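Engineer: Below is one structure. I have some questions about it.
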Amino acid sequence: MPKKAAAARRKRFLANLRERLLETKNKLLDEFDSVLRTEREGNVDEGRDSYDLASEERDREISFILSDRERVKLKQVEDALARIADNSYGVCESCGLEIAEERLSAMPFTRLCRDCQQDQEREAKTQRAFDDERNAYRKSGSTDADDDTA
């Protein structure tokens, strides 16, 4: 019975997360619609000086950057909803173990358990350090004599 109870609890937990993900998706879509409406309404340039136009352009650039971030988030939410639908949600894509509920609650669109995420971050940090060192070597080590021997 404990396994059955745990499975039922996990099922309720995933149903709640699905609702949260759907709410997040709808909120993001509403924000996109709002930004698009604002941009369409703000395209009238009559009576504005160059400072106003430059300020508006800067605001558009900031909005574009933010909307890129929001698009990534929307994609992550949609991917999580698809994983819920195909019953692969909550399983680490690296090691295949269940992702802890605490982690899923904090990051409902995560694909990795905490340990695999930490391993991936360590690996990325090591790679960045290696790339930085290699780039520094290239910058400081390149001379005309090196070019002649190549």
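Engineer: Could you please tell me which pairs satisfy a Cβ distance under 7 Å, a separation of 6+ or placement on different chains, a first residue in the stretch 88-101 that is farther than 19 Å from GLU121 by Cα, and a second residue that is among the basic types (Lys, Arg) and outside any loop (DSSP other than H, G, I, E, B)?
Structural biologist: TYR89/ARG83
Engineer: Name every residue in the stretch 41-73 that is more than 16 Å from the chain's Cα centre (by Cα), in a helix (DSSP H, G or I) and at pLDDT below 65, in order of residue number.
Structural biologist: Hit for the stretch 41-73 is ILE62, nothing else.
Engineer: Has the stretch 133-143 got any residue that is at pLDDT below 70 and exposed (fewer than 10 other Cβ atoms within 10 Å of the Cβ)?
Structural biologist: Within the stretch 133-143, one or more residues are at pLDDT below 70 and exposed (fewer than 10 other Cβ atoms within 10 Å of the Cβ).
Engineer: Another question about this same structure. Give me the residue from the stretch 107-132 that is among the hydrophobic types (A, V, I, L, M, F, W, C) and at pLDDT 95 or above and, out of that set, farthest from ALA8 (Cα to Cα).
Structural biologist: Per the criteria, the residue is CYS116.
The values are calculated or read from the model by the stated rules, or taken from the named source; none is laboratory data. Just so we're clear, the structure is a prediction, and the values are computed from it rather than from any experiment. Methodologically, a virtual Cβ is constructed for each residue, glycine included, from the backbone with ideal geometry; neighbour enumeration extends over all protein chains shown.
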